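The next block holds one structure in the form of structure tokens; read it before the comments.
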Amino acid sequence: MHSNPNKTSLPLRCLVIDDEPLARRAIVDFIAQVDFLVATASCGSALEAQELLSKDTYDLLFLDINMPYLSGIDFLEAILQPPLVIFTTAYSEHALEGYRLQIVDYLLKPIAFKRFYQAALKAKEWYDLKNQPKEELKLADGAMYIKHEDSFVKIQWTSILYIEGMQNYVKIHTSTKNYIIHQTMVAIEDFLPKEHFFRIHKSYLINLNHMSSIVGNKVVVQGVHLPLARLRKEALLQDIIYKNLLSK
């Protein structure tokens, strides 16, 4: 049995969804070899899975894409608050669609156990990050404190280039180092001074002092091209750029 060196909680409750009995059995057998996973249930269609999800809770879905009546992609899009998902499929052409839906991983059949275990470790990491307590932001003069690993780090606002939202945590990109903390974009946006920081996209908050240009629907920050949402572009131009535009 393969163990997790950082095992500190109950195993992740897994639901295996695949219309092929042999493929379904193989995933269940793989799960049995990993001590931080448990196969709570399995079924042969997305319709059966809907019924199971209405009656019980699961931490991780192993979801086949190509199934009769309702595909795995259509099924996932219909779930308002889905658990973590790992796609399992014999077809590689759906990979981009899967990542659009923010799945944990994408396994191509036939699945080798080594590849399965890598995906399982990634799911455990996502689950632990998603469920850890949100970190409290501490105010300092011209800076903030965050908890990073086993210490508190002081980050000067001027050193922050941009902040990237990643589900239930954010990645703070600074001029010297990047930090990942368990916090929401809304909370960190409210915390930082609005005269220096601007939300250009649902997933990006930039330091205006490091913005070098706007190119189409991209904002350039220290050479990095970040997506600029259409409505946020209008607000950026009206509230920031036009007000500070030097007239000829």
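Is it the case that Tyr69 is at positive phi and without any contact (Cβ under 8 Å) to a residue 60 or more places away in the chain?
Working: at positive phi: yes; without any contact (Cβ under 8 Å) to a residue 60 or more places away in the chain: yes.
For Tyr69, the condition - at positive phi and without any contact (Cβ under 8 Å) to a residue 60 or more places away in the chain - is met.
Test Lys171 against the stated conditions and say whether it is surrounded by fewer than 18 Cβ atoms within 10 Å (Cβ to Cβ), within 29 Å of Ile103 (Cβ to Cβ) and in contact with a His (Cβ under 6 Å, 6 or more places away or on another chain).
Values: surrounded by fewer than 18 Cβ atoms within 10 Å (Cβ to Cβ): yes; within 29 Å of Ile103 (Cβ to Cβ): yes; in contact with a His (Cβ under 6 Å, 6 or more places away or on another chain): no.
Spelling it out, it is not the case that Lys171 is surrounded by fewer than 18 Cβ atoms within 10 Å (Cβ to Cβ), within 29 Å of Ile103 (Cβ to Cβ) and in contact with a His (Cβ under 6 Å, 6 or more places away or on another chain).
Among Pro227, Pro193, which is the only one that is touching a Lys or Arg at 6+ places or on another chain (Cβ under 8 Å), surrounded by fewer than 17 Cβ atoms within 10 Å (Cβ to Cβ) and not assigned by TED's automatic domain parsing to the domain that holds Tyr127?
Pro227
Which ranges mark the strands (runs of 3 or more DSSP E) fully within segment 1-87 that have 1 or more residues being more than 23 Å from Lys122 (Cα to Cα)? Let's see the steps before the verdict.
On the way: elements: 12-17, 37-43, 60-64.
Of the strands (runs of 3 or more DSSP E) lying wholly inside segment 1-87, those with at least 1 residues that are more than 23 Å from Lys122 (Cα to Cα) span 37-43.
Please go through (1) touching a Ser or Thr at 6+ places or on another chain (Cβ under 8 Å); (2) modelled with pLDDT of 90 or more for Leu70 and return the number of the only condition it doesn't satisfy.
The one condition Leu70 does not meet is (2).
Considering each of Ala120, Ala95 in turn, give the residue that is modelled with pLDDT of 95 or more, surrounded by 13 or more Cβ atoms within 10 Å (Cβ to Cβ) and either assigned to a strand (DSSP E or B) or over 15 Å from the mean Cα position of the chain (by Cα) (or both).
Only one candidate qualifies: Ala120.
Are any residues in segment 199-222 under 19 Å from Ala143 (Cβ atoms) and of a type in the set (A, V, I, L, M, F, W, C), and if so, which ones?
Result: Leu205, Ile206, Leu208.
Identify, from the list Ser212, Ser203, Ser175, the residue that is assigned by TED's automatic domain parsing to the domain that holds His148, under 28 Å from Pro83 (Cα atoms) and small (Gly, Ala, Ser). Full working, then the answer.
Details: Ser212 fails: under 28 Å from Pro83 (Cα atoms); Ser175 fails: under 28 Å from Pro83 (Cα atoms).
Step by step, each of Ser212, Ser203, Ser175 is checked, and only Ser203 is assigned by TED's automatic domain parsing to the domain that holds His148, under 28 Å from Pro83 (Cα atoms) and small (Gly, Ala, Ser).
Looking at segment 131-165 only, could you name the residues that are surrounded by 14 or more Cβ atoms within 10 Å (Cβ to Cβ) and either within 30 Å of Ala23 (Cβ to Cβ) or modelled with pLDDT under 80 (or both)?
Glu135, Leu137, Lys147, His148
So, in segment 170-179, exactly how many residues are over 14 Å from Ser203 (Cα atoms) and aliphatic (A, V, I, L, M)?
From segment 170-179, those over 14 Å from Ser203 (Cα atoms) are 174-179; that's our starting set.
Add one more test, that the residue is aliphatic (A, V, I, L, M), and what stays is none.
Selection size over segment 170-179: 0.
I'd like the full set of residues that are at pLDDT below 90 and either part of a helix (DSSP H, G or I) or closer than 15 Å to Asn168 by Cβ (or both), limited to segment 102-117.
Gln102, Val104, listed by residue number.
The values are calculated or read from the model by the stated rules, or taken from the named source; none is laboratory data. The shown structure was predicted, so the numbers you read here are calculated from the model rather than taken from an experiment. Reconstructed Cβ throughout: ideal geometry from the backbone, glycine too, with neighbour counts over all protein chains shown.
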